[in-house]
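Each value in this text was obtained by applying a stated rule to the coordinates, not by laboratory testing. What you are looking at is a predicted structure, and each value in this text was computed from that prediction instead of being measured. No Cβ is skipped: glycine too gets one built from the backbone with ideal geometry, and neighbour counts run over all protein chains shown.
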Amino acid sequence: MRPEAATSATAVVGGGAARTPGEATGQAVGNGVAQAVGDGVARAVGVVALVPMTAAHIEAVMWHEAGMFGPEAWSANAYREELADRRHRAYVAAVDAAGTLLGWAGMRVVGDEAEICTVGTIPAARRRGIARALVRWLLDEAGKRRVRVLFLEVRVDNDAARALYASEGFAEVGRRRGYYENGRVDAMVMCRVFGKGRRAR
Ligand SMILES: CC(C)(COP(=O)(O)OP(=O)(O)OC[C@H]1O[C@@H](n2cnc3c(N)ncnc32)[C@H](O)[C@@H]1OP(=O)(O)O)[C@@H](O)C(=O)NCCC(=O)NCCS
């Protein structure tokens with residue numbers, strides 16, 4: 001994922017009163033445990049909500065982008081283009097009760113194939129299950145769109161991301177030699193195949 005540069009997103013993640021910008025309804029996910037919240041208002045302190053990522057999030061994304069993605073960082077324009085293509089893209093943002101951006105993820109969908117383009121959690125919010133919730137949202141959205149196979153590329157030296165994807169059912173299917181940093185770092189290609197006609201989860 002990455003080298004080049006919304007649908008409804010309504011899950012709630014984490015462990016407050018999180019009325020999110022946009023339409024926050026759906027389920028709460030705390031450390032991987034789903035929990036219904038009815039009217040969409042998360043009740044436990046520290047809850048994070050998943051909402052549709054929009055152009056309004058780009059400014060906050062840009063505060064973190066270079067630090068999180070280094071040489072693979074995207075420009076604000078790249079994000080604008082991604083978010084504008086609602087037919088072939090699905091983007092979701094994780095926000096706290098105040099609407100502060102904590103993470104985001106997106107994928108490209110073409111026919112019955114899709115590719116995860118980005119997943120990230122801001123440093124201060126890591127190891128709280130946010131990226132896992134974002135990936136699970138993408139899996140769910142892929143299922144709704146009848147995706148048969150979901151690909152991603154990840155730096156071979158990104159142990160955290162590799163562990164996340166492996167634990168969400170992605171398997172290595174190949175390598176792209178020198179894909180990152182002007183040939184210095186390989187990409188691992190991973191994919192998750194869904195049963196025919198079945199939803200992802
Ligand atoms: C990789 C990244 C997205 C993980 O975000 P996160 O919200 O902290 O991840 P989660 O809390 O949801 O963790 C999910 C799983 O990922 C793995 N993981 C996350 N951080 C890890 C770390 N530092 N070391 C090892 N495994 C890690 C674990 O398997 C974890 O499950 P566990 O908590 O049950 O052990 C985050 O570190 C990040 O944004 N990194 C910079 C950008 C990036 O590399 N994005 C991915 C490639 S595009």
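Can you tell me the length gained on complete extension of the stretch Arg87 to Asp186, counting 0.36 nm per residue apart and subtracting the Cα distance?
32.6 nm
Using alpha-carbon positions, what is the distance between the centroids of the stretch 116-139 and the stretch 160-180, in Å?
After rounding, the separation between the Cα centres reads 15 Å.
Arg177 to Lys144: extension gain in nm, 0.36 nm per residue of separation minus the Cα-Cα distance?
Roughly 8.6 nm would be gained on extension.
When Tyr91, Tyr179 are ordered from fewest to most other Cβ atoms inside 10 Å of their Cβ, what list results?
By the 10 Å Cβ count, ascending, the order reads Tyr179, Tyr91.
Kindly write out, for the stretch 113-130 in residue order, the coupling ³J(HN,Hα) from the Karplus curve 6.51 cos²θ - 1.76 cosθ + 1.60 (θ = phi - 60°), rounded to whole Hz, with x marking Gly and Pro.
10, 9, 9, 6, 9, 7, 9, x, 10, 5, x, 5, 10, 7, 6, 10, x, 5
Among Met68, Met188, rank each residue by its count of other Cβ atoms within 10 Å, from fewest to most, as a rough exposure measure.
So the residues, fewest neighbours to most, are Met68, Met188.
Spin-label point model (7 Å from Cα, Cβ direction): what's the Thr100 to Phe69 distance in nm?
Distance between label points: 2.2 nm.
Just to check I understand the Karplus step: with θ = phi - 60° and J = 6.51 cos²θ - 1.76 cosθ + 1.60, what whole-Hz values come out for the stretch 171-178, glycine and proline as x?
In residue order, the calculated couplings are 10, 5, 10, x, 10, 10, 5, x Hz.
What net charge do the residues around Thr121 carry, taking every other residue with its C-beta under 9 Å from that of Thr121, with Lys and Arg at +1 and Asp and Glu at -1?
Once positives and negatives cancel, what remains is +3.
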